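*Asks:* First the structure, which I've put down as structure tokens, then a few questions once you've had a look.
The values are calculated or read from the model by the stated rules, or taken from the named source; none is laboratory data. Just so you know, these numbers come straight off a predicted model, no measurement behind them. Because the Cβ atoms are built from the backbone with ideal geometry, glycine has one as well, and the counts that use them run over all protein chains shown.
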Amino acid sequence: MRKVILGLMLTSLLAACASQKPKETTPPPEQKPAATTSESSNAAPTQVNPLDDPNSILAKRSTYYPFDVSVVQPDDRALVAAHAAYLKAHPDQKVRLEGNCDERGSAEYNLGLGQRRADGVEKLLVAGGANRDQITAISNGKEKPKATCHNESCWKVNRRTDIIYIR
């Protein structure tokens with residue numbers, strides 16, 4: 001009999017511990033009163049262009065590649081898709097895509113690889129809704145490096161396609 005009572009007490013104790021506390025409700029944050037007509041007419045709208053907003057994905061303007069690769073990497077596909085959506089929403093906006101390579105390889109080979117990189121980004125932009133007339137794709141080959149040292153840390157930032165908005 002003691003074992004049964006002890007078992008029931010332990011079961012009820014465990015059940016009490018397992019129950020959840022009721023959630024505390026917090027009051028909604030205070031809202032400021034709306035501006036009066038005279039205040040709102042004096043205030044200029046503060047709308048930031050997403051191209052100029054450093055917190056926007058559109059502030060990032062380069063896609064990067066492994067050695068001897070021209071396919072846009074999975075890590076950069078969201079970036080290209082965001083630029084495609086922006087171009088689709090702003091049909092008067094134009095971009096220049098500049099394909100770049102690191103210093104290794106001949107000038108001719110790197111010009112071709114840079115062009116394939118720029119063309120790959122162009123294809124994704126068009127697939128995302130941008131108009132082909134908004135885009136110019138060129139190759140700089142190895143002529144416009146971001147970094148000038150001669151090791152992998154520099155080469156990896158030089159293997160890129162830059163998205164340049166023409167204003």
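Table: residues versus (1) touching a residue at least 24 places away in the same chain (Cβ under 8 Å); (2) small (Gly, Ala, Ser); (3) part of a helix (DSSP H, G or I).
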position	(1), (2), (3)
Pro66	yes, no, no
Ala85	yes, yes, yes
Leu97	yes, no, no
Lys123	no, no, yes
Thr136	yes, no, no
Cys154	yes, no, yes
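*Asks:* Just the residues that are within 12 Å of the chain's Cα centre (by Cα) and among the charged types (D, E, K, R), please, taken from the range 64-86.
*Replies:* Asp75, Asp76, Arg77
Yes/no matrix, rows are residues, columns are (1) loosely packed, with under 15 Cβ neighbours inside 10 Å; (2) aliphatic (A, V, I, L, M); (3) within 22 Å of Ile57 (Cβ to Cβ):
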| site | (1), (2), (3) |
| --- | --- |
| Cys101 | no, no, no |
| Gly105 | no, no, no |
| Val121 | no, yes, yes |
| Asn151 | yes, no, no |
| Lys156 | no, no, yes |
| Arg160 | no, no, yes |
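*Asks:* Follow-up. Quick check, is Asp75 in a helix (DSSP H, G or I), more than 20 Å from Asn49 (Cβ to Cβ) and of a type in the set (D, E, K, R)?
*Replies:* yes
*Asks:* Report whether or not Thr11 is at pLDDT below 60, farther than 23 Å from Ser139 by Cα, part of a loop (DSSP other than H, G, I, E, B) and not charged (D, E, K, R).
*Replies:* No, not satisfied.
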